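Here the structure comes first, spelled out in structure tokens, and everything after it is commentary.
The values are calculated or read from the model by the stated rules, or taken from the named source; none is laboratory data. Remember, it's a predicted structure, so these values are computed and weren't measured experimentally. Neighbour counts are summed over all protein chains in view; Cβ atoms, including those assigned to glycine, are modelled from backbone coordinates with ideal geometry. Remember, those area values only see protein heavy atoms, side chains included, never the ligands or the DNA or RNA. Shrake-Rupley method; radii C 1.70, N 1.55, O 1.52, S 1.80 Å.
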Amino acid sequence: MKARSSFLYAKRILFPKSRIKSQARMSIIGSIICIALSVIPLISVTMVSDAMFTGMTERLINLSSSHIQAVLSRQSSNVKDYKTFTDYAKTFLEIEGVKDAYAEIDADALSSSKNFRTGAKIRAVERRLFQENEDFKRLLNVKEGDISLFQTGKKVCIIGEKISESLGIKSGDSIRLITSSRVASFKVASVVSSGYQELDSLWVFIPLDESFSFLAPKNSLHSVFLKTESSEIPYLMKIQEEIDFQYAGRVRLYRWDEVNSGQFENFSSTKIMLTFIMALIVLVSSINISSALVMQGMERRKEIAILKSLGASSKGITLAFLITGSFCGLSGCLIALPIGLFLALNINSLVRLAEKIINFFPFLISRIKGSQISEIHLMDPAYYLQNIPVKIEMAKIFQLLLFVFVLSLLVSLLPSIKAGKERPLDTFRRV
């Protein structure tokens, strides 16, 4: 039995000419639908989770740790005043691969308004940061106020959206910052958000030139944040070696993956768990293909016996059933692909629509009872990105579809071999 004959027989199994209702035929259709229903969430969840973790990682690197953080000693002569510190930061631009360098002082403090108090992370940064740094301009969303005032104003600051809500202050209001040694008052120029609240919930940006009269060196961390041409670890390690050689241990260097190791391990484990759960769903759905082929084999015993009597080989029958099982998996993938991509690309709109539907009923109840019920946010910025920047990666999609196709082939193996081993004499005796 040639391969062409096996393909023709597989075609007859999948598209029989008889219009008589058959449980085996219904099981084939059911297996295709089950594969499609399992692959849809596999594609959409994988694309959305990748985009979410990439967005979070991008914000952690570009808004917080930068590619490499060079930490200076508090006793270093290079941090004694603003000009010396910023001039020293510029020396890192001589290192090949370093695109930009920003001096920054970090300190923990207590922030307060007229009625509330909360912890704060003070970030004393160069005034040019918000105007010249493309990543800050692209990733920070100005909620209110004028961010350009930071470049020219005196005693001004920029605060995160969460700390603004906690203190009940807006742009134009004053905020008091209390450290272990000093107290200072700043005017809020703008309220910003990175879209990821866990990152920016305590941020208070103040001008670097004004911080030297406010932040005590013993309670502060002086760093130079280096932006490089690539975030790849091997590339950054080479730059680290070059800096270590030229600066002879005067700074301690930390890559972005070292500074944020806890967050990235959490992201990786969550991503692996999501993929594992989706793969299990596909595995369970693929069992339907095996069941459908078993039913086909039982229903077509006489047909197989006749084919074998006419010279068909066991391998040819097995191949025909394998083709049938593979077709079921491939058909399910082709049905699921456009639906999964549509859901992934429109996830932000779909989540907002779901929020409106979910919040409608509590709103209706609150109007009847006269009470107030807080809205439910599915994409709470305290844990997730408010807007997920989904990008379609065709290589990743191809890998997922290949996984489903191979899985369909594997689950088809046993029932196909069993169908190929049918003995014509035993079948005819039962007739």
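The rows are residues; the columns are (1) among the β-branched types (Val, Ile, Thr); (2) closer than 26 Å to Ser416 by Cα.
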| residue | (1), (2) |
| --- | --- |
| Gln246 | no, no |
| Glu265 | no, no |
| Ser285 | no, yes |
| Ala292 | no, yes |
| Glu299 | no, yes |
| Ile304 | yes, yes |
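What are the pairs with Cβ atoms under 6 angstrom where one residue, in segment 307-332, is assigned to a loop (DSSP other than H, G, I, E, B) and the other, located anywhere, is open to solvent by 30 Å² or more (accessible area, probe 1.4 Å)? Sequence gap at least six, or different chains.
Ala312/Met1; Ser313/Met1
Check whether at least one residue in segment 29-40 is over 30 Å from Glu299 (Cα atoms), assigned to a helix (DSSP H, G or I) and open to solvent by less than 40 Å² (accessible area, probe 1.4 Å), and report yes or no.
yes
Give me the pairs: first residue in segment 271-289 and free of Cβ contacts under 8 Å to residues at least 40 places away in the same chain, second residue open to solvent by 60 Å² or more (accessible area, probe 1.4 Å), beta-carbon distance under 7 Å, and six or more apart or on different chains, which are they?
Qualifying pairs under 7 Å: none.
Residue under question is Gly172, and the condition is that it be assigned to a loop (DSSP other than H, G, I, E, B), among the small types (Gly, Ala, Ser) and over 34 Å from the mean Cα position of the chain (by Cα); does it hold?
In short, yes.
Here are some residues: Leu274, Leu253. Which one is in a helix (DSSP H, G or I) and aliphatic (A, V, I, L, M)?
Answer to the check: Leu274.
Would you please name the residue that is nearest to Gln240 (Cα to Cα), looking only at residues in segment 70-113 that are in a strand (DSSP E or B) and touching a Gly at 6+ places or on another chain (Cβ under 9 Å)?
Asp108
Restricting to segment 190-228, name every residue that is in contact with a His (Cβ under 9 Å, 6 or more places away or on another chain) and open to solvent by 10 Å² or more (accessible area, probe 1.4 Å).
We begin by selecting, within segment 190-228, every residue in contact with a His (Cβ under 9 Å, 6 or more places away or on another chain); these are 225-228.
Within segment 190-228, Phe225, Lys227 qualify.
Being within 35 Å of the chain's Cα centre (by Cα) and farther than 28 Å from Met56 by Cβ, is that true of even one residue in segment 184-193? Explain how you work it out, then say what you get.
Residues of segment 184-193 that are within 35 Å of the chain's Cα centre (by Cα), as a first pass: 188-193.
Filter again for farther than 28 Å from Met56 by Cβ, leaving none.
Looking for residues that are within 35 Å of the chain's Cα centre (by Cα) and farther than 28 Å from Met56 by Cβ, one finds none in segment 184-193, hence no.
Please work out which one of (1) in contact (Cβ under 8 Å) with a residue 40 or more places away in the chain; (2) open to solvent by 30 Å² or more (accessible area, probe 1.4 Å) is the condition Ala89 fails and give its number.
All conditions are met except number (2).
Restricting to segment 150-165, name every residue that is among the hydroxyl-bearing types (Ser, Thr, Tyr) and either at pLDDT 90 or above or open to solvent by less than 10 Å² (accessible area, probe 1.4 Å) (or both).
Applying the first criterion (among the hydroxyl-bearing types (Ser, Thr, Tyr)) to segment 150-165 yields 152, 164.
Of everything in segment 150-165, just one residue is among the hydroxyl-bearing types (Ser, Thr, Tyr) and either at pLDDT 90 or above or open to solvent by less than 10 Å² (accessible area, probe 1.4 Å) (or both), namely Ser164.
Please go through segment 122-149 and give me each residue that is part of a helix (DSSP H, G or I) and either open to solvent by 40 Å² or more (accessible area, probe 1.4 Å) or more than 14 Å from Ala189 (Cα to Cα) (or both), ordered by number.
Of everything in segment 122-149, those that are part of a helix (DSSP H, G or I) and either open to solvent by 40 Å² or more (accessible area, probe 1.4 Å) or more than 14 Å from Ala189 (Cα to Cα) (or both) turn out to be Leu129, Gln131, Glu132, Glu134, Asp135, Phe136, Lys137, Arg138, Leu139, Leu149.
Can you tell me which residues in segment 12-28 are part of a helix (DSSP H, G or I) and farther than 22 Å from Ser286 by Cβ?
If the condition is that a residue be part of a helix (DSSP H, G or I) and farther than 22 Å from Ser286 by Cβ, then Arg12 is the only one that fits.
May I ask you to say which residue of Leu400, Leu353 is under 22 Å from Tyr196 (Cα atoms) and either in contact with a strand residue (DSSP E or B) (Cβ under 6 Å, 6 or more places away or on another chain) or modelled with pLDDT of 80 or more (or both)?
Working: Leu400 fails: under 22 Å from Tyr196 (Cα atoms).
Every option except Leu353 fails the conditions.
Given the options Ile388, Ile339, Ile392, Ile417, name the one that is at pLDDT 80 or above, β-branched (Val, Ile, Thr) and closer than 25 Å to Tyr9 by Cα.
Checking each option against the conditions leaves just Ile417.
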